[in-house]
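Notes for the one structure printed next.
The values are calculated or read from the model by the stated rules, or taken from the named source; none is laboratory data. From a predicted model like this one, the values you see are computed outputs, not experimental measurements. Quick reminder, even Gly has a Cβ in these numbers, built from the backbone with ideal geometry, and neighbours come from all protein chains shown.
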Amino acid sequence: MLTPPTRLRYLLQQYAADSCTRGELLELLRTIEKAESDQELGNSLQSIWQDLTGADVLPPIDKERVFSHIIGDPAFQAPVKRRLWPRMAAAAVLILVLGTFAYFYFKPVSSPQIAAAGVRNDVGPGSNKAILTLADGSTVVLDSLHNGALGQQGNTRVIKLDSGRLAYQTAGGHEAQTAGHEAQAAGGRLQANGQLLYNTIATPRGGQYQVVLPDGTRVWLNASTALRFPTAFSKDKREVDLAGEAYFEVAKGKIPFKVHIYPSVAGVGGAGGLRPSSEIDVLGTHFNINAYDDEAAIAATLLEGSIKFSKGEEQALLKPGQQAVSARTDGAIHIIPDADVDAAVAWKNGYFEFDGAGIETIMRQLARWYDVEVRYEGPVTKREFGGQMPRGSNLSEALRILEESSVHFRLEGKKLVVMP
């Protein structure tokens, strides 16, 4: 996933000014690591650094300063100028030096101390699982089936690929995508009694899934998410319904692509008379939508291309690296110009990432992924947390990384109790 030049410039500006947050610093280190095998990215970093500083060569990073900045050790707070390493390959060495700590560190903003969590039992992480509801109302459990054809709808076959993705194949044998290679859009209008045939794929708590739509658009679904889409798009529009969180890589084409955002999974597609609360209009782009009904706001984050976010009479056009946020209580849309795009799509890349997040925000994400019920015992801490955790670890490990002296946890089966 290519980091936009505006984001690279911002990160290097922050680095040169010694103003990186921990999240920004880790993002920059990951970007430099990618540049080891990506010459275009390496050239972009060099060009931007030269433009900012006038230096022809990227100077070396002060490893001690970087490490101390990440862990927040007050013993290393004396101002020391950070420097980038002369060769991009050296960045990989730095990542190895930081090792497990750099990736798994997760600490309160106000304290460098980490304590072990008192967890007696354990809960495994989520996995690839979902339920597909076909146009005739029948359902298919996707986590318990072998690969191959799942059903026939009109002249389209529903196929589970060996990569664990769902794809659609027309009568002519054209798949929207096979084993990582995008093909041409399926096209055509599939109708039953004059109506388009619609499928709905829904992930439960503790589940995630990927689907390749008939036009080749790829969609990653986070836990507790529902996506409704036609088995073949019409010739003049591509429209889908969404509730929850999803990452889209929209197949390019002249036909507009629109995402209708619904307030709840149960209401996707207008069920129960619900109407979409917001809409996203795109032509070919990569973006993330977070629209969980238990979150205070809907957030759309753009990585590539261009999208228009609409809510009521309000509209906002986003550029790469920007995020549109709209509170559920009003129609206003707020634009964050330099959004943390890596944090927005961290779930899709296999980890949690927080920067100044409250404990309730973190617990909502853990509850969805580990399928646990969260309950608070006593006053809720006002501390803010930052860092990363892998989504592939057991809940006990996530809590061990998270916990420190002022926050404790008790796991009772599938109930997680948060204590002061």
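Of all the residues in the stretch 267-305, those that are free of Cβ contacts under 8 Å to residues at least 24 places away in the same chain and closer than 22 Å to T329 by Cβ number 4. Applying the condition of being part of a loop (DSSP other than H, G, I, E, B) and touching a strand residue (DSSP E or B) at 6+ places or on another chain (Cβ under 8 Å) to the stretch 234-252 and asking which residue is farthest from I289 (Cα to Cα) yields S234.
When the stretch 197-213 is limited to residues that are farther than 22 Å from V123 by Cα and of a type outside the set (A, V, I, L, M), the one that is surrounded by the most Cβ atoms within 10 Å (Cβ to Cβ) turns out to be N199. Screening A232, A226 for residues that are surrounded by 23 or more Cβ atoms within 10 Å (Cβ to Cβ), at pLDDT 90 or above and either in contact with a Lys or Arg (Cβ under 7 Å, 6 or more places away or on another chain) or of a type in the set (A, V, I, L, M) (or both) leaves exactly one candidate, A226. What residue, of A316, A324, is touching a Leu at 6+ places or on another chain (Cβ under 7 Å), under 22 Å from S278 (Cα atoms) and in a strand (DSSP E or B)? When all the criteria are applied, what remains is A324. Contact annotation: residue pairs with Cβ atoms under 7 Å, 6 or more positions apart or on different chains, pairing a residue in the stretch 134-147 that is within 10 Å of N199 (Cβ to Cβ) with a partner that is at pLDDT 85 or above and of a type in the set (F, W, Y), are A135/Y198.
Considering I255, I280, I289, the condition of being of a type outside the set (D, E), in a strand (DSSP E or B) and at pLDDT below 95 is satisfied by I280 alone. The helices (runs of 4 or more DSSP H) found entirely in the stretch 333-420 that carry 3 or more residues being out of contact with any strand residue (DSSP E or B) (no Cβ under 6 Å at 6 or more places or on another chain) and touching a residue at least 12 places away in the same chain (Cβ under 8 Å) are 359-370, 395-402.
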